[in-house]
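The values are calculated or read from the model by the stated rules, or taken from the named source; none is laboratory data. What you see is a predicted model; the values in this text were computed from it and never measured. Reconstructed Cβ throughout: ideal geometry from the backbone, glycine too, with neighbour counts over all protein chains shown. Just the protein is used for accessible areas: all its heavy atoms, side chains included, with ligands, DNA and RNA removed. Shrake-Rupley method; radii C 1.70, N 1.55, O 1.52, S 1.80 Å.
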Amino acid sequence: MEQQESQSSGGLRRSRLLQGPLRAFAYPRYAAFWSVSLLSIMSFFMVMIARGWLILELTDSPFKVAAVQAAQLVPMLVLPLISGALADRGGRKMLLFTTDVFNFASLLAMGALVYFEFIQEWHVFALALANGVAFSFAMPARTSVVPDLVRRSDVASAVALFSTIFSLGQVAGPTPAGYIIEFFGMAHTFFVASLLLIPALVGIAMFDIPVIAGRQRLAPNGARESMAQSILYGLRYVRGQPVIIALLLLGLIVMTFVMPFQAVMPVLVRDVLNRGPDDLGVLMTAIGVGALMGSLTAATARGMPQLTRLMMVAGLLVGVILTLFAVSNFYLLSLALATCLGLSTQLFMTSNMTMVQLATPDYVRARVISIRFILVGLGPVGIMAMGFAAETFGAVPSIIAMSSMNILFVALVLVLFPSIRHARRTPPAAERPDVAEPAEPEAQPSG
């Protein structure tokens, strides 16, 4: 009797899990992939804090603090197109494993350079470029795996929850990084960040990544399409989809006018709030806590209409909050505003990415995602503009100007693309007669 009651209560808990915003975690393969991806992202955010503070100590230049963060995004101007094509051709596991190995080696080398006091300014920029190359190859592949691990009805939950790894990475990465820098030294931050990648590497090596999106379109002569043809098809597909174009433009606007504020965070913390690297880590963690809340809020959305409303509100609200954050010189107020800033930013980014995935058929998903990451690669334009303006006019007026432009351009896109307000999910095999409808993923809920 007790055993039956226990089984009944266990089934009830699983049922509630499957019905709530955390329902994607009921799929064992999804939960495992989410966990190993989180470790890689935690390492990424630890390095971001260490790299920014290190270049500030070496150069005392707000422009170079922004420039080193921009350098990481430069490879994303081109490389995601190649990564997306490779991922759609079935090479996702190799891309993920290789990029984590590359990051592991580069972080160990950077830690050694700092520890033995051989570090120079160009080393920091070289690390940023190396991380950017790895990120450019990894993220389209990593993101495109997610919908293949759950049933189609749970894709929205899976994509939204997967974005929480970035939020949790901001929570679990920056604060330890700040304290390690403060109490143990810069070199140890790079060493710890590299060690986080070891279980991630083991997990990826053991993980069975499904090859569902890898079916290839055939040329008229029956041969597989070339890499160039695969890339061009993805570009042509996006060109014919107004909703996807609008979503990509909105993502570009927020990446250009909002996200660059993080590049000058060390300047704000030191020169406006009069705080040190440990407080920088705490502020970045507050942004991460808010981002986690934003991701979970997006995960509660049921369908495209709710996601659209969340995205539009967050896209406008983030500019207002960023303005308030820039003018605050009171640490506790800045801490609260940082949480709100993280929430609104991540709510927008998660809703935007989820809508892109839901509006894109499986066979071209990684290539469309790669185009979105290329728009992220245009972020250096905003970061360099922010760095130059901060060096010339000061960080506070520069952030206010950028956040005001974000509000203006988001509103403009929403007016010029009314179809975004009526976005719907695209059938998986739409407009592709030469590709069969993929079978339902084998992933089943636990129990």
Under the 7 Å Cα-to-Cβ spin-label approximation, R152 and D278 lie apart by a distance in nanometres of 5.4 nm
Could you report the stretch 237-302's accessible area per residue, 1.4 Å probe, as an integer in Å²? 30 Å²
Hey, for a label at R421 modelled as a point 7 Å past Cα toward Cβ, could you say which residues of the stretch 319-339 have their backbone N under 14 Å away? none
Report ³J(HN,Hα) in whole Hz for each residue of the stretch 228-238, in order, from the Karplus equation J = 6.51 cos²θ - 1.76 cosθ + 1.60 where θ = phi - 60°; Gly and Pro get x. 5, 5, 5, 5, 5, 4, x, 5, 5, 4, 4
Leaving out ligands and nucleic acids, and using a 1.4 Å probe, what accessible area per residue does the stretch 74-151 come to in Å²? 38 Å²
Dipole in debye (nearest 20) - the stretch 70-219, about Cα centre, beta carbon charges: Lys, Arg +1; Asp, Glu -1: 720 debye
Between L412 and L235, Cβ-based FRET efficiency (R0 22 Å, step 0.05) works out to 0.35
Can you tell me the order of 382-392, 198-208, 254-264 when each peptide is scored by its average per-residue count of other Cβ atoms within 10 angstrom, highest first? 254-264, 382-392, 198-208
Please sort 299-312, 142-155, 75-88 by packing, taking for each peptide the average over its residues of neighbouring beta carbons within 10 angstrom, highest first. 75-88, 142-155, 299-312
The stretch 239-281: equivalent-ellipsoid semi-axes (sqrt of 5 x gyration tensor eigenvalues, Cα, Å): 36, 8, 5
Sort I119, I407 from largest to smallest accessible area, using a 1.4 Å probe on the heavy atoms of the protein chains. I407, I119
